[in-house]
Amino acid sequence: MTARATTTTMRRDDDLFGHPKGLTFLFGTEMWERFSYYGMRALLVLYMVKHLLQPETRETVFGYATVSHFLTWMLGPLDVQPMASQIYGFYTGLVYLTPIFGGLIADRWLGRRRTIVLGAVLMAIGHFLMAIPSLFFLALLTLILGNGAFKPNMSSQVGMLYAPSDDRRDRAYSIFYVGINLGAFLAPLVCGTLGEEWGWHYGFGAAGVGMVIGLCIYLWGTRHIPMDNPPKGGNATTAPTSLTTEDWRAIVSLLILCVFVTFFWATYEQQGNTIALWADGYTDRHINLIFWQDDIPTTWFQAFNPIMIFAFTPLVVALWSWQAKRGREPSTIVKMALGCFGVALANLVMVGAAWDAGLSGKASALWLVAYFAIITTGELYLSPIGLSLVSKIAPASLISMLMGVWLATSFTGNFVAGYLGTFWSAMPKEQFFMMIAAIAGAAAVAIFVVGRFLHLEREGKAESSQRGY
């Protein structure tokens with residue numbers, strides 16, 4: 001049987017709360033990295049629409065003329081909001097394309113540890129550069145390159161803490177996912193509030209500080225993190241590992257699945273783009289309480305999704321365990337299809353919100369609460385399960401690169417998300433949300449059909465079993 005992702009497994013006497021201590025440090029590092037990413041993302045579209053791309057500011061931004069000319073050549077004349085949407089889409093998309101190369105660099109030359117440190121340093125620099133408007137595009141480029149080096153290697157190191165047959169691996173990825181969302185929850189509250197209330201540069205600076213904290217945690221916990229296998233390019237005596245038929249089947253299956261997962265992210269990632277604009281312009285954000293009467297900051301709505309991750313994860317895991325005991329737990333493919341259906345249903349809720357706004361001027365914030373509750377459930381059925389699946393079926397010699405390929409579904413997804421966002425200003429909002437729902441629903445059907453065709457529903461069920469949660 002072909003070894004998959006066989007690397008160092010931590011000693012049992014080094015365990016903490018039933019898991020290797022290294023998981024705690026990876027959890028903390030990823031939490032602060034996600035704090036920096038989502039803190040900056042919560043401000044990005046609002047910053048561009050309200051400040052950076054306004055006529056009096058944009059001409060001072062280095063590279064603006066080139067970017068504007070390229071987008072105009074590709075899409076035609078763009079007003080401020082559509083241009084902001086496209087820049088957002090390119091940035092968030094490229095953030096998830098570069099992990100392919102970051103994984104390859106780690107597998108072949110630098111090793112995972114050094115590549116992670118390089119990525120963290122670049123991202124910290126990029127966040128601090130965001131505080132200087134004239135260096136906006138240089139800051140985005142630095143963040144894109146840093147994330148590419150960081151992201152795939154962090155995700156693959158979680159799997160390296162466990163033996164291939166260790167049933168704690170799925171639980172570890174769910175714990176790791178909570179760390180991601182803890183950072184994502186805190187980010188809009190801290191960076192968003194600082195950016196909106198005190199000044200954009202304070203919000204971006206706070207994101208940079210978060211990244212520095214994450215780097216310090218990683219360096220502190222290095223001795224608890226598995227050593228790298230010798231990179232292929234760094235040892236001339238290392239014989240290349242040939243891929244078996246089973247390996248190639250796993251690779252091809254993942255690549256086909258990636259095509260349709262792309263459309264999950266294209267619709268899901270409207271949260272930081274058009275949903276942020278909906279919250280800002282079409283939602284009644286006023287709170288009238290005895291101790292507080294004010295408008296909820298727009299960026300706070302970006303905290304709904306991660307806080308719901310905390311609340312819903314135990315419920316979803318308990319449901320899967322209950323179904324598993326009765327032999328009815330959905331396979332990986334069915335879970336992913338249900339995740340896409342969740343995004344479709346969430347956008348159908350927003351059709352109702354648009355109808356409400358048409359009657360009353362602004363829609364109740366409860367519509368957004370329902371939207372985030374449903375889309376979060378869909379996310380739990382797709383995102384962490386996909387990471388665990390890749391760590392299990394990817395050939396050992398290509399695990400970081402294939403993790404990067406899996407993460408790159410968000411590249412095409414975010415690029416498409418940015419394009420879809422350009423219709424926001426031109427379409428009635430009911431039609432816009434109906435379009436997003438239709439795309440997510442079609443992706444769900446495609447994932448289910450392709451999974452059955454490739455016989456992944458049987459393999460995925462065995463490999464994504466949530467035993468012992």
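Based on what the data block shows, is Val49 β-branched (Val, Ile, Thr), surrounded by fewer than 24 Cβ atoms within 10 Å (Cβ to Cβ) and either touching an Asp or Glu at 6+ places or on another chain (Cβ under 7 Å) or assigned to a helix (DSSP H, G or I) (or both)?
yes
Here are some residues: Ala370, Ala365, Ala394. Which one is among the small types (Gly, Ala, Ser), touching a strand residue (DSSP E or B) at 6+ places or on another chain (Cβ under 8 Å) and farther than 16 Å from Ala266 by Cα?
That would be Ala365, the only listed residue that is among the small types (Gly, Ala, Ser), touching a strand residue (DSSP E or B) at 6+ places or on another chain (Cβ under 8 Å) and farther than 16 Å from Ala266 by Cα.
Of everything in the range 122-132 that's part of a helix (DSSP H, G or I) and either of a type in the set (A, V, I, L, M) or under 20 Å from the mean Cα position of the chain (by Cα) (or both), which residue is surrounded by the fewest Cβ atoms within 10 Å (Cβ to Cβ)?
Ile125
Among the listed residues Ala84, Ala106, which satisfies the condition of being more than 26 Å from Met401 (Cα to Cα) and under 24 Å from the mean Cα position of the chain (by Cα)?
Ala84
Hey, can you tell me all the residues within the range 241-275 that are in contact with a Cys (Cβ under 6 Å, 6 or more places away or on another chain) and either among the acidic types (Asp, Glu) or surrounded by fewer than 16 Cβ atoms within 10 Å (Cβ to Cβ) (or both)?
Answer for the range 241-275, where residues must be in contact with a Cys (Cβ under 6 Å, 6 or more places away or on another chain) and either among the acidic types (Asp, Glu) or surrounded by fewer than 16 Cβ atoms within 10 Å (Cβ to Cβ) (or both): there is none.
Please report, ordered by residue number, the helices (runs of 4 or more DSSP H) entirely within the range 288-407 with at least 3 residues that are touching a residue at least 12 places away in the same chain (Cβ under 8 Å) and over 25 Å from the mean Cα position of the chain (by Cα).
332-360
So which residues in the range 96-105 are at pLDDT below 85 and hydrophobic (A, V, I, L, M, F, W, C), if there are any at all?
The answer is Leu97, Ile100, Leu104.
Given the conditions (1) buried (at least 20 other Cβ atoms within 10 Å of the Cβ); (2) modelled with pLDDT under 80, which single one is not true for Ala396?
For Ala396, the exception is condition (1).
Just to be sure before I move on: is Gly378 on the phi > 0 side of the Ramachandran plot and not basic (Lys, Arg) in the structure I sent?
No, not satisfied.
If only one of Gly159, Gly119 is modelled with pLDDT under 85 and part of a helix (DSSP H, G or I), which one is it?
Gly159
For the range 399-437, enumerate the residues that are farther than 22 Å from Cys258 by Cβ and either among the basic types (Lys, Arg) or at pLDDT below 80 (or both).
The one that is farther than 22 Å from Cys258 by Cβ and either among the basic types (Lys, Arg) or at pLDDT below 80 (or both): Lys429.
Just to be sure I understand, how many residues within the range 52-98 are without any contact (Cβ under 8 Å) to a residue 12 or more places away in the chain and surrounded by 18 or more Cβ atoms within 10 Å (Cβ to Cβ)?
So the answer is 1.
The values are calculated or read from the model by the stated rules, or taken from the named source; none is laboratory data. If you're wondering where the values come from, they're calculated on a predicted model, not measured in any experiment. Note that each Cβ is placed from the backbone with ideal geometry, even for glycine, and that neighbours are counted across all protein chains shown.
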